[in-house]
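One structure below.
Quick note: the coordinates plus some simple rules give every number you see, no bench work behind them. Remember, it's a predicted structure, so these values are computed and weren't measured experimentally. Quick reminder, even Gly has a Cβ in these numbers, built from the backbone with ideal geometry, and neighbours come from all protein chains shown.
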């Protein structure tokens, strides 16, 4: 049965936040990157549908954060930063993210930003950069991470990749889809990624 009560929907997002915090608490690299915000307030938001919701709903995985993400799929304010001209039609069919907390998040915070991002198997997320510092933690699946000045590496559940301000990076889903918890910090948190290497 579809959940429609605002209180029940809020409880699903609160459960998602609890699992995200548990993942954060279990990972020293995430903790070293940024403190968990103390100013979060839940916001009722209108859901935004993206095609990738269907694929993510069918992906079986027992990680608590993965399962909690699936529970909010119909109610999330899903986003796609890029245009079809930038990344192609197929990319937009199997990619998306929500802002868990931040200025435009399901939980408002002005102390940081966190995203839960999904990319389907076989996608190539081209080189891009942004002013904000960033750390990815793989929740489920795996990805081949590339970053300027670092050796490429395949990361799986619980492993992290950090990107400095304006450090170009790319991601390829070679073996499976990937679900990630991403934190942003430092200057430029209100900005968006720019495609290509830093000019």
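As a ratio to 2.2 N^0.38 Å, the alpha-carbon radius of gyration for segment 97-162 is 1.21.
Under the rule of -39500 (n - 2.57) per DSSP H run of 4 or more residues, summed and divided by the residues of the chain, what mean residue ellipticity at 222 nm is obtained, to the nearest 500 deg cm²/dmol? Numbers along the way, then the final one.
On the way: 6 runs with 50 residues, N = 199.
Result for the chain, helices only: -7000 deg cm²/dmol.
PRE reach from residue 62 (point 7 Å along Cα→Cβ): which of segment 156-182 fall under 19 Å by backbone N? The answer is 156-159, 179, whose backbone nitrogens lie closer than 19 Å to the label point.
Of all DSSP bridge pairs formed entirely within segment 45-199, close to 95 percent run antiparallel. Scan (i) 0.93; (ii) 1.23; (iii) 0.96 for the value of Rg/Rh (Cα atoms, Kirkwood Rh) calculated from this model and give just the label. Recomputing Rg/Rh (Cα atoms, Kirkwood Rh) here picks out (i).
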